[in-house]
Amino acid sequence: METRQYVGPIEWVGKMIVPLTDRGEGGPASQVTREFDVELVRGNEILRVSACGLYRAFINGQRVGEDVLTPGWTTYDARLSYQVYHVAHLLKEGRNTITIWIGDGWYRSPLMWMSERRTEVWGTEVSAIAEIRSGEDFSKVLVATDEHWLSGQTPVRKSQIYFGEIFDATFASRPREGVRSIVFDTRKLILHECAPVRELSPLDPIRQWRDTDGRTIYDFGQNAAGYVRVSIAGETAGEILIEHAEILDERGEFYNVNYRSAEAISRVQVNERGLIDYSPIFTYFGFRYARVTASDGARITKIQSVPISSVPDATAGFSCGNELVNRFFENAIWSHRSNFIDVPIDCPQRDERLGYSGDAQVFAAAACYLADSEGILTKFVRDLMVDQALDGAISHTSPHVVRMKPGNRKQRGSMGWGDAITIIPWRLYVHYGNEDIIAEAFPAMVRWIDFAWSLTTDGVVRPPNTPGMRGYCLGDWLQPAGTEANPLPTIGKDAIATIYLFISLTIGTRVADILGETDTGARLEQMRSAVETAFRREFITASGRLKHDDQTSYALALLHDLVPPELVEATTDCFRQAIGRTGGRLGTGFLGTPALLPALSKVGEGHLAASVFLQEEVPGWLYQVKRGATTIWERWDGVLADGTLFDPDMNSFNHYAFGAVCDWLLESVAGFRPDPKQPGFEHIIYSPTIIPELSPVTAHYDSVRGKISADWTVVGEDVRYEITVPDGTRGTLRLSRAHLEPVVDGVSVDAGREVVVTPGHHVVTFRLSNHGR
Ligand code: BGC
C-alpha cells in the first residue's frame, strides 16, 4: 500500500494531557491510553506524538517506531519536537488501543552537578499529546488525546537522566484512572528537526570476570553512550542491578567515581515467570564496563551493550600507516556518536551531559565530516537562539538549565563558548552549502557580537575575573599547566576573548556580505578592524612575540591572520620556540587545540605539526590511545603516566573537543576542504601535507555532492597522490613549492602552480624536497 509522506504542520486537535497517576519527579512513569475503532485501514494512517517528558508509544501492544529518547531535548518552554510515524501496519479493523508511556526525561529530571542541581527545570507535570490521522491530507482524526483517555502506572518505577532506571517486570498495569488536559500552546510543537536517536548494532562482551564480592564485570570493548540490554531467566523472584563504568582503575577494578553524583544504574525486578528482555526506556549512560549484581532468582542468559546516537553512520574515514592514529580517528567517531544525543553534549556519563556551546563549536568542523551533523547542529543553533539573553549573551549550555530561574545570570556570556552562535552556523553553511541557517542566525550573531563588544575597552575584551559575572570567560579550558616548578605560560583571558571576538566579527562581516546586509556589515567591519588594531597593539610585541607566549596564543593569532604580514615569520619563530619549550608536546586546551596543527600547517610548519601530533607522551593525542582509550578523553592526563587516574572531579573519558584534530587530518593531511566562496563542496581545494611516517594515507568524505577521496603514498622521496572529485563539482589542486616536479594525470606542471581538476579520478605525482611535506 502507498504511504504518502507527511509534510505537516496541520493544526492539532489533540490536547496535552496529564496522567492522574503521575506522582511527580522521581516517581513511576505513567501511561495514558485509549481504545478507538477503525472502520477501514487505508494504509496512510500516521501518528503524531510528543510529550513533556520522554515518551514511548504502543499501538495494540506493539511499539511504534524504533526511535529512542523521544521527543528529544529542546528549550521546552519555547520549542517541543514531535515525531510522525506511519502506523497502518499496527492498526486493525475494529477496536484498537493506543498507549503512551511517559517518563521524567530531561523535562523534569534533576540536571547539573550537585552544587548547581536543578529539578523540574521545565515543569512539574509530565504530559503527552498525540493523534492518529488518515485521509488524503491527513484531515481525518481517528483518535486524539483528550479528557477521555485513561491513565495508569507502568513497570518503570523510576527513571531519570542521571539516576538511571528501575524496572519491575512483576508490575501489572491496569490503567483505571483518568487524565487532565492542560493549556498548551501547540504552536510550540515543531516537527523533529534532526534524525532521531537510534540504536546502533549491539556489542557483545569481549571479556567477563567476577570481582571479590561475586559481582560479574563485563567489558564490551568500546566506550559509548547507550545502555545494557539483558535477557534474564527468572527462576524465583530476583533482581538484577547494573552499574556502569568507563574505565578500570590502576588495580584493574571497576571505577566510576568520575560519574560524580550520577548514580547511573539500571535495576530490574523479575519473577519466576521466565525470560524477560530489558533495556532502559527513559535514560542512557556513558560506559564501556557493566557490573552486574544478580540476586539468587535471576540469571542472565544474554547481555549486550547497545550504543545509541543521533549520528550513527560515519561519513568520513581516515587510515594511515600508524595504527595509533587510525584508532584515534575511530575514537573521535565514537565520541562524536556518544555525545550527539539529540543535543551536542559534553559527555554522556557524569552529572552533566549538557549541550555545551564551547565544546560544540570547537568540534563543529570535525563533526560535519565524521557524520551528517547538519540537522542536530541546526537544531542546537535554534536552541541557542532561544536561550540568548536580552543583552545578547549566549549560554554555556543549551537547552539552558538555569535560564528559567528569574534573575539568574549564570552560565552565559563566555567568549569561546558563546561564539558557537557565529561559528556553528558558518560551518554548517560552508560544509553543507545551505544559506538558510546563516540567514536565520544572523540577528543572534549580531546581538552576541554587540554583547562581546560591550565587554571591550579600546577594542580589547576585558572579561571580569569572578565566575558567574557577566562576560566571565572560561578561557583555554584544560590547557596543560606544566609542573609546579615550571608552570607553562597560559593565554590571558583578555587575549583569548579578544581573538574570539575577532573570529566572530570575521564571520559576521562575511555573513552580512552574503546576505546583502550592507549597513550592519559596515558596522561589523569597523569593529573588526578596531579589534585587529587593538590586538596587535596590546598582545604582539614589536619583535613578533605574543604577550602570553604560549602555543594557544600563537596558534589562534596566526590561524586567524591577527599577526601583521611583516611579523609572521618572526611570530612563527616564537611559535616554534613555544613548542620547543614543552619538549615538542602540545600545550593547548579546548580552544587552542583545534587551531594548533592547522596553524602550523598554514605557516609552512607541516613537519613540526606532524611531530607534535605523532609524539606519544602526555600531553598528546596518541598518549591516550596507547593507554587503551576507545573514545576521546576530556583531559590530556585523564590517566597519569604512572597509570593512576586523575582527580575524579573532572575526568571524563568521553569528551570530543580534542578530537577536533580530525578536521586537520582530513583537510590538511589528506588535503581536501570546502571553499567558503562556493560552499557545500561545490568547489573543493586539494592540498595535502605529506608526512612520510603516515604513509600510506587513505581518506574519504561522503559530502552532500558525493564522495570525495584523497590517498597518498610515499616511497623514498616520491609521492603518489590520488584524488576523486565528485560529479557536478570543481576541484583545485594546490601543491606547495616544496612538492617538486609535479605531474598531474601524466602532464608536468610548474611546482607551486594551481591546477583545475575536473570531476573524476586524478593521479598526481611529485617529489619531496628535504623539508617538503
Ligand atoms: C564541561 C566542559 C565545559 C566546561 C565549561 C565542563 O564541566 O564538561 O566540557 O565546556 O565545563 O564550563
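The values are calculated or read from the model by the stated rules, or taken from the named source; none is laboratory data. Just so it is clear, the structure is predicted and the values come from calculations on it, not from any experiment. Glycine also receives a Cβ, built like all others from the backbone with ideal geometry; neighbour counts cover every protein chain displayed. Side chains included, ligands, DNA and RNA excluded: accessible areas come from the protein's heavy atoms. Shrake-Rupley method; radii C 1.70, N 1.55, O 1.52, S 1.80 Å.
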Legend entry - Estimated FRET transfer efficiency (Glu253, Val715; beta-carbon r; R0 45 Å; 0.05): 0.40
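Take the Cα radius of gyration of region 588-744 and divide it by 2.2 N^0.38 Å, with N its residue count; two decimals is plenty.
Values: Rg = 17.5 Å, N = 157, 2.2 N^0.38 = 15.0 Å.
Ratio of Rg to 2.2 N^0.38 Å for region 588-744: 1.17.
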Legend entry - Convex hull volume per residue for region 626-688, taking Cα atoms only, in Å³: 109 Å³
Inset, instruction - Report the Stokes-Einstein translational diffusion coefficient (µm² s⁻¹, integer) for region 1-113, Rh taken as the Kirkwood radius over Cα pairs, at 25 °C with viscosity 0.890 mPa s. - result: 159 µm²/s
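Evaluate region 316-670: find the radius of gyration of its Cα atoms, find its Kirkwood radius, and give the ratio Rg to Rh.
Working: Rg = 19.1 Å, Rh = 20.3 Å.
Ratio of gyration radius to Kirkwood radius: 0.94.
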Legend entry - Residue-averaged 222 nm ellipticity for the chain, from DSSP H runs of 4+ at -39500 (n - 2.57), nearest 500: -7000 deg cm²/dmol
Legend entry - Inter-probe distance in nm under a simple model that places probes 7 Å from Cα toward Cβ, at Asp391 and Met469: 1.1 nm
Inset, instruction - Evaluate Rg over Rh across region 519-580, taking Cα atoms for both radii and Kirkwood's formula for Rh. - result: 1.05
Inset, instruction - For region 685-773, just say rounded, prolate or oblate: build the C-alpha gyration tensor, square-root its eigenvalues into a ≥ b ≥ c, call rounded for a/c under 1.5, and beyond that prolate if a/b exceeds b/c, oblate if not. - result: oblate
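Please work out how much length the chain gains when fully extended from Ser529 to Thr186, using 0.36 nm per residue of separation minus the C-alpha to C-alpha distance, in nm with one decimal.
Answer, rounded to one decimal: 118.9 nm.
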Inset, instruction - Provide, in order from the shortest bin, the percent of all Cα-Cα pairs of region 207-309 in each 5 Å bin, continuing until the bin that contains the maximum pair distance. - result: 3, 13, 24, 25, 20, 11, 4, 1, 0
Legend entry - For region 307-433, fraction of C-alpha pairs farther apart than 19 Å, in %: 49 percent
Legend entry - Cross-link table Lys379/Lys410; Lys405/Lys547; Lys379/Lys626; Lys140/Lys707; Lys677/Lys707, entries beyond 32 Å C-alpha to C-alpha: Lys405/Lys547; Lys379/Lys626; Lys140/Lys707
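Tell me, what is a quarter of the convex hull surface for the C-alpha atoms of the chain, in nm² with one decimal?
Numbers: hull surface 138.7 nm².
Quarter of the Cα hull surface area: 34.7 nm².
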Inset, instruction - For region 631-656 and region 477-529, write down the distance between their C-alpha centroids in whole Å. - result: 29 Å
Inset, instruction - In whole Hz, with x marking every Gly and Pro, tabulate ³J(HN,Hα) for region 729-737 from phi via Karplus 6.51 cos²θ - 1.76 cosθ + 1.60, θ = phi - 60°. - result: 10, 9, x, 10, 9, 10, 8, 7, 5
Legend entry - Contact order relative to length of the chain, as percent, for alpha carbon pairs under 8 angstrom and 6 or more apart: 10 percent
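Glu693 to Glu435: extension gain in nm, 0.36 nm per residue of separation minus the Cα-Cα distance?
This chain segment gains 88.9 nm when fully extended.
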Legend entry - Simple label model, 7 Å out from Cα along Cβ direction - Ser261 to Ile300, nm: 2.9 nm
Legend entry - Pair Glu566, Glu741: separation of 7 Å Cα→Cβ label points (nm): 4.1 nm
Inset, instruction - Find the accessible area per residue for region 430-561; the probe is 1.4 Å, ligands and nucleic acids are left out, and the unit is Å². - result: 42 Å²
Inset, instruction - Apply the membrane-span-like helix rule to the chain: whole DSSP H runs, Cα extent along the own long axis of at least 15 Å, mean Kyte-Doolittle hydropathy at least -1.0. List the helices found. - result: 323-339, 357-370, 374-387, 420-432, 436-453, 493-515, 518-539, 568-581
Inset, instruction - Measure out, as a whole number of angstrom, how far apart the alpha-carbon centroids of region 186-214 and region 118-156 sit. - result: 24 Å
